[in-house]
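Undergrad: Mind looking over this structure? Questions follow.
The values are calculated or read from the model by the stated rules, or taken from the named source; none is laboratory data. Remember, predicted model here, so these are calculated numbers, not experimental data. Note that each Cβ is placed from the backbone with ideal geometry, even for glycine, and that neighbours are counted across all protein chains shown.
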Amino acid sequence: MMEHPENEELYKGLKVNKGVSDVPTVNPYLKKRVQRRQYSPAEFVEGILKGDITILSQAVTLVESARQEHQVLAQEIIEKCLPHAGNSVRIGITGVPGAGKSTSIDTFGMHLLKQQHKLAVLAIDPSSERTKGSILGDKTRMEDLSRQPNAFIRPSPSAGSLGGVARKTRETIVLCEAAGFDTIFVETVGVGQSETAVHSMVDFFLLIQLAGTGDELQGIKRGIMEMADGIVINKADGDNVDKANLAAAQFRNALHLFPPAASGWTPQVLTYSGYYNLRIKEIGEMIDAYVAFTQKNGYFEHKRNEQSKYWMYESIHEALRDSFYHNPRVEELLPFVEGQVLRNEISSFVAAKQMMETYLLTNEGGEMVND
């Protein structure tokens, strides 16, 4: 039988040539992907304690992973690293979008590296509420710092968590401290709810603000002002110096209206220019003075203990929430009960009570509660 019946004698005027065979969809010259070596918990810890950035990065990836087996491995690594953590100064950095947080971190970070410090920057990148996607572009805005061997920059997507900062950042701090980083920066997504979470994991809370943008005090929440241990007015250069000094005076007056901080420290207000590297040294001196002051009066250690207790309860709340929503019976009944609420057949409070009773009566929930 001929390949093409159209070439038979019956169809003399028609000639059909043999077609070209399909091109393979995979490039035959493409090398097989090299599988990343899987380290044991002991090897992870050994590498982290030696300051191996590659192993540290892989450990942080495990911490951020949602896979159960990764979380089990990550918790074992963190537990073994805990005795080697805690020897850093943790600095939270926040400010309105466009205040120059990343540029300031780049400049201030380089200043610290010249003083023989090791710096880890944990930059929380805002995730899209619609797609959950994240640009993770902080490294591109820290050009000098990202090229330094004694700096570790880790942008992490907020993934829709409260204000962009979650328990995973706290765990990453432990790993970075175990790797020998003596200064930790935690940059927030901007002024919002994330500041409360950051404040609960850092020693010093720095607020970066701009001058010449209208009513400076109107653009900032009182809660953020009360949390700040230091306020710095950025872009105090050129024609903007007078405006920056005026803004600094306004902030100093506003701070007098707030009750004294629990630390006993009076927040300072400074002006500087991150872009032109002006008066950066003064910011470092302010943070050093705060650390010395709070270590002397015992507040430094007290705050760290309170933070550890806070994150213990946060972890419990998160574990209970996950256990509730992944309970098979709850997953099955929740859409039905939700429909009852929407049809005004039962109230929201009765629905919640019913769902909690369902959860507690199931084997999985009952076992967890009894334990």
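Undergrad: Take N27 and decide whether it is under 30 Å from A228 (Cβ atoms), modelled with pLDDT under 95 and loosely packed, with under 12 Cβ neighbours inside 10 Å.
TA: no
Undergrad: Quick one: would you say R252 is outside any loop (DSSP other than H, G, I, E, B), among the basic types (K, R) and outside the structural domain of V96 (by TED's automatic domain parsing)?
TA: no
Undergrad: When you go through (1) among the β-branched types (V, I, T); (2) under 18 Å from A99 (Cβ atoms); (3) assigned to a helix (DSSP H, G or I); (4) modelled with pLDDT of 60 or more one by one for T140, which number turns out not to apply?
TA: (4)
Undergrad: Only one of these conditions is not met by S161: (1) in contact with a Lys or Arg (Cβ under 9 Å, 6 or more places away or on another chain); (2) modelled with pLDDT of 80 or more. Which number is it?
TA: For S161, the failing item is (2).
Undergrad: Looking at the structure I just gave you, is V269 within 16 Å of N234 (Cβ to Cβ) and not in a loop (DSSP other than H, G, I, E, B)?
TA: So V269 passes the test.
Undergrad: Continuing with this model, one more query. Go through (1) over 30 Å from A262 (Cα atoms); (2) under 24 Å from the mean Cα position of the chain (by Cα) one by one and return the number of the condition I316 breaks.
TA: (1)
Undergrad: Also, I was wondering about something else. For region 266-279, how many residues are β-branched (V, I, T) and surrounded by 21 or more Cβ atoms within 10 Å (Cβ to Cβ)?
TA: Here the count works out to 2.
Undergrad: Another question, if that's okay. Go through region 341-361 residue by residue and tally those that are surrounded by 15 or more Cβ atoms within 10 Å (Cβ to Cβ) and over 28 Å from R167 (Cα atoms).
TA: Number of matching residues: 3.
Undergrad: In addition: On the given criteria, is A292 within 17 Å of D203 (Cα to Cα), free of Cβ contacts under 8 Å to residues at least 40 places away in the same chain, of a type outside the set (V, I, T) and touching a Pro at 6+ places or on another chain (Cβ under 9 Å)?
TA: no
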